[in-house]
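Enquirer: Quick one: the structure is below, and I'll ask about it shortly.
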Amino acid sequence: MKVRALFISDIHLGSRACQAAQLLEFLAAHDAEKIYLIGDIIDGLRLRARWYWPISHQTVVEHLVARARNGAEVYYVLGNHDAFLAKSGVLHGLGFEVCREHVHVGVDGGRYLVVHGDQFDVVGRRARWLSHLAGRAYEIVVVCNGYVNAVRRRLGLRYRPYAALIKARIKAVTRFIGEFETNLAEAAVRRGHRGVVCGHIHHATLRNESGCLYMNTGDWVESCSAIVEHVDGRFELLRWNGTQAESRRGSIRDMPVISRVAGDFYALLSGAMTGVLACLRFLVGSLRRVFSIL
């Protein structure tokens, strides 16, 4: 498929949760004039803790480099997991334009802010310990998601992002996502942009928010999704199901659970995640009371 622009984020190369094989299939099926890599492409935090770099991850990098050398404009918008690359000239040497944010001009002249989004993550900036604990809980869910989908592949079933479905059922997570989306959309409107394309929260969405076209590319550890701009100027949210790209309207969280086994697994993990977040809320409440006394 020929598209004008391709927006991808949160690949997390260097992490065992990265769906590199599926991403390579998706890239091979889409020829883009412009490619936006919107942060957390390389997971420096994970690599620093434990080195993991299989051939499939190297192949993703080589594919993107080949795209740049063959004439595609490749923009690397830094995120919080790959911020360490800001001081390195490696990406420039690969033919990528490196920045913290970029403005994409659509076919109709509309301006769209392209940013990873970690700057708008209040929890990540003000309570790093809480963000770390939530991140560890999320990693457990993603790993389980990978095992379940490995079984589904052996049964000839398509990929399903159960981790995304679990997040959608937890009120604390949905509230955080809603606040993030609103803050980012309002910031884009204040700057005079027609829309915003971001990543960071691993929640693929394309919808109007606060007078702005809010687009979140999702990720390549669970939802396997991306945003494309067609040659006629239309934006579309696509999800790779293991064999082809499916168009999604609204949000990945709207997808139904179609089997009883999957539903049971879904409910089990949802309960576990809810328990973890309940503990985190208790800790936050306790800390607030301590600080109020001081």
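Enquirer: If you check every pair at least six apart or on different chains, which have Cβ atoms under 9 Å apart with a residue in the range 48-65 that is assigned to a loop (DSSP other than H, G, I, E, B) first and a residue that is among the hydroxyl-bearing types (Ser, Thr, Tyr) second?
Expert: Pairs found: TYR52/SER15.
Enquirer: From ILE55, ILE41, which residue is at pLDDT 95 or above and under 16 Å from the mean Cα position of the chain (by Cα)?
Expert: Only one candidate qualifies: ILE41.
The values are calculated or read from the model by the stated rules, or taken from the named source; none is laboratory data. It should be emphasised that the depicted structure is a prediction, and the values quoted were computed from it without experimental measurement. Reconstructed Cβ throughout: ideal geometry from the backbone, glycine too, with neighbour counts over all protein chains shown.
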